[in-house]
Each structure stands twice: as C-alpha cells, then as structure tokens.
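The values are calculated or read from the model by the stated rules, or taken from the named source; none is laboratory data. Note that this is a predicted model, so its numbers are computed, not measured. Methodologically, a virtual Cβ is constructed for each residue, glycine included, from the backbone with ideal geometry; neighbour enumeration extends over all protein chains shown. Surface areas here come from the heavy atoms of the whole protein model, side chains and all, with no ligands, DNA or RNA. Shrake-Rupley method; radii C 1.70, N 1.55, O 1.52, S 1.80 Å.
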Amino acid sequence: MSDERDRLLAATVEHAQQHGISELSLRQLAAALGTSHRMLVYYFGSKDELLVEVTKAVERQQRESVEQLAVDDGADPEAQMAAMWRRLTHPSLWPQERLFFELYGQALQGRPHATSLLDGVVDDWLEPMAAVLVRQGMAPADARAEARLALAVTRGLLLDLLATGDRKGVNAAMARFAQRRR
C-alpha cells in the first residue's frame with residue numbers, strides 16, 4: 001500500500017468513527033477528508049470497496065486490543081472479558097458494527113465488492129483470542145475451539161444489541177458466558 005492510501009484510509013476510519021460514513025457520497029466524504037473523490041476512487045475503486053477497507057481496518061484495531069489482553073498476565077479473565085465487552089458495546093462503535101454486519105451479509109451473498117471481507121473474518125481472530133486463553137491457563141488444544149465459540153457469542157450478542165437495543169439482556173448473557181469458565 002502507498003503512504004497516501006494508508007493516510008486516506010486512516011482519515012476515513014477516523015471520520016467514520018466520529019460521524020459515520022455509510023450515508024455520505026464519495027464526493028461528500030472526499031470534501032470532509034480534504035481530497036477529491038477521484039483520489040478515493042483511484043485508491044479504493046468504489047465507495048463500497050472503501051467501506052470494506054474501513055471495516056477491515058476497524059477489525060484490525062479490535063484485534064490489537066485483544067492482543068493487548070494477552071500481554072496482561074495479572075488480570076482476571078472475567079474482568080478482561082468484561083472490559084472488552086464494554087469497549088465493543090460502546091454506542092460510539094455502533095455505526096461501525098452495523099456496517100460490519102451489513103458488509104458481512106453482502107459478502108456471504110457473494111457480492112463482489114464485499115467478498116474480500118470473508119478473508120480472515122473468523123480465522124484472523126482465533127489466534128489472538130486463543131493466545132489470551134492459553135495465557136489464562138487453558139490447554140492449547142482447547143483454546144482455538146473456545147476462541148471460536150467466544151467470537152461467535154460476541155458477534156451474536158452484538159447483533160442482538162444492535163437489533164433490540166436490550167443492553168441489560170445482552171450484558172447479562174455475556175456475563176453468564178464469561179462466568180461459565182470459572
């Protein structure tokens with residue numbers, strides 16, 4: 001990737017986190033970023049492809065936060081999970097999470113602009129999550145399956161929260177999931 005493409009992607013992610021972008025045209029987004037829509041098309045192909053790249057970048061940021069959990073030996077596993085859950089369910093992330101699920105659905109339907117999202121959408125999460133679990137004392141043979149389960153539960157509860165707004169219900173379900181490992 002070029003430095004300019006990286007800069008534009010980072011600026012778009014920041015703009016998306018502060019204002020959302022799914023309703024903006026490329027021209028409106030370009031104006032907000034101080035560039036031209038032609039530059040966005042040059043580097044990303046289309047608005048849909050740019051949205052996929054934004055989603056991938058946000059996913060990378062989320063994985064990095066999970067990787068930080070793996071470094072903290074002294075933290076209580078349940079407290080780590082609760083902290084991560086609070087971060088993921090913060091209302092400021094809801095626009096990106098809605099975009100993630102929208103694009104995930106489009107990718108599963110085989111829409112060409114979104115199919116690249118499927119590359120690593122699960123597997124890229126398993127290693128960092130399994131590393132946290134191993135560090136917390138889980139047998140390596142069990143950690144990958146547990147990581148897959150935790151990812152599925154987390155995504156399912158995020159989707160539930162976005163669909164229902166039932167924060168109390170999803171928080172209770174996540175707390176129950178976290179407690180089952182005691």
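For the reader, a short list of remarks on this structure follows.
- Residue match in region 94-111 (condition: free of Cβ contacts under 8 Å to residues at least 24 places away in the same chain and within 22 Å of residue 179 (Cα to Cα)): no
- Among the residues of region 132-182, the ones that are at negative phi, within 22 Å of the chain's Cα centre (by Cα) and part of a loop (DSSP other than H, G, I, E, B) come to 1 in all.
- Of the candidates 69, 33, 40, the single residue that is surrounded by 15 or more Cβ atoms within 10 Å (Cβ to Cβ), modelled with pLDDT under 85 and not aromatic (Phe, Trp, Tyr) is 69.
- For the residues 170, 153, 132, the requirement of being open to solvent by less than 70 Å² (accessible area, probe 1.4 Å), modelled with pLDDT under 95 and not polar (S, T, N, Q) singles out 132.
- Given (1) within 17 Å of residue 103 (Cβ to Cβ); (2) open to solvent by 40 Å² or more (accessible area, probe 1.4 Å); (3) at pLDDT 90 or above, index of the condition residue 17 fails: (3)
- Meets criteria (surrounded by 12 or more Cβ atoms within 10 Å (Cβ to Cβ), assigned to a helix (DSSP H, G or I) and among the basic types (Lys, Arg)) for residue 111: no
- Hits in region 55-66 - residues which are of a type in the set (Ser, Thr, Tyr) and either over 22 Å from residue 137 (Cβ atoms) or at pLDDT below 75 (or both): 55
- Residue 46 vs. criteria under 25 Å from residue 5 (Cα atoms) and either among the basic types (Lys, Arg) or modelled with pLDDT of 90 or more (or both): yes
- Residue 106 vs. criteria polar (S, T, N, Q), open to solvent by less than 50 Å² (accessible area, probe 1.4 Å) and within 30 Å of residue 165 (Cβ to Cβ): yes
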